[in-house]
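Values in this text are rule-based calculations from the coordinates and carry no lab data. These numbers come from a predicted model, not from an experiment. Heads up, the Cβs are rebuilt from the backbone with ideal geometry, glycines too, and the neighbour counts pull from every protein chain shown.
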């Protein structure tokens, strides 16, 4: 069985006051008993995450499939510039907003412009126009931000929970499904 995750990512390259917002969202999730307040080794990272708790049943679209018995079952909070990619799910389409061409099959070196923190743009290798990365269409969705919330091995999340997350973040979001 492979691991998978669901990441909720603001559609902003630089989220203002990211540490303050990360703490506020963690407090909100703990208050709803969705995750436990004490970090542990429950995520696929050298960092610690926040283990799943009983309230997760209220935000999962498939509560019977929650991973209470798995070692990797928690929330990872990322507060550094990060590409939230789909892993083995790949990228079917990457549509340039300018030339309207699918550039998913091009050399992906153009992504380093963003990931190396040189710019918040991507430069299309076909039309050579630099545009904010969030204006490109990624199918399936990818996320690009210095803040993100990754739920490891959880089944689907309810739309109402995702909408609450969006409201608390105060901006549009990407929901990224990763399989590794």
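What spacing in nm lies between the two simple spin-label points modelled at residue 99 and residue 126, each 7 Å away from Cα in the Cβ direction?
0.6
Note down the nm distance, to one decimal, between modelled labels 7 Å out along Cα→Cβ at residue 177 and at residue 81.
Between residue 177 and residue 81, the label points sit 3.0 nm apart.
Cβ neighbours within 10 Å, averaged per peptide: list 4-15, 79-90 in order, most packed at the top. Let's see the in-between values first.
Numbers: 4-15: 20.5, 79-90: 15.5.
Output ranking for 4-15, 79-90: 4-15, 79-90.
Could I have the simple spin-label model distance between residue 38 and residue 159, label points 7 Å from Cα toward Cβ, reported in nm to one decimal?
With each label placed 7 Å out from Cα toward Cβ, I get 3.9 nm.
Please compute the Kirkwood hydrodynamic radius over the range 1-96, one decimal place, Å, based on all pairs of different Cα atoms. Provide the component values of the computation, followed by the final result.
Details: mean 1/r = 0.0667 Å⁻¹.
With all distinct Cα pairs of the range 1-96 included, I get 15.0 Å.
With an 8 Å Cα cut-off and a minimum separation of 6 or more residues, compute the relative contact order for the chain in percent.
Values: 384 pairs, mean separation 69.5, N = 180.
Once normalised by length, the contact order is 39 percent.
Tell me the angle of helix 159-169 to the major Cα principal axis of the chain, expressed in degrees between 0 and 90 and rounded to the nearest ten.
Between the helix axis and the principal axis of the chain, the angle is about 70 degrees.
Run through every distinct alpha carbon pair of the range 68-170 and return the Kirkwood hydrodynamic radius in angstroms, one decimal place.
Values: mean 1/r = 0.0647 Å⁻¹.
About 15.4 Å for the range 68-170.
From the Cα gyration tensor of the chain, with a ≥ b ≥ c the square roots of its eigenvalues, which class applies: rounded if a/c is under 1.5, or else prolate if a/b is larger than b/c, or else oblate? Provide the component values of the computation, followed by the final result.
On the way: a/c = 2.11, a/b = 1.77, b/c = 1.19.
Cα axes put the chain in the prolate bin.
Please pull out the direction-averaged projected area of the range 121-180, using the convex hull of its alpha-carbon atoms, in nm² to one decimal place.
Details: hull surface 21.6 nm².
Mean orientational projected area (the range 121-180, Cα hull): 5.4 nm².
Can you grab the distance from the C-alpha centre of the range 104-179 to the C-alpha centre of the range 32-85, Å, no decimals?
20
Using only Cα atoms and rounding to the nearest 10 degrees, what angle (0 to 90) does helix 18-31 make with the longest principal axis of the chain?
So the inclination is approximately 30 degrees.
Would the range 20-74 count as rounded, prolate or oblate if I go by the C-alpha gyration tensor, calling it rounded below 1.5 in a/c and otherwise prolate when a/b exceeds b/c, oblate otherwise? Spell out each step's value before the answer.
Working: a/c = 2.20, a/b = 1.11, b/c = 1.98.
Here the range 20-74 falls in the oblate category.
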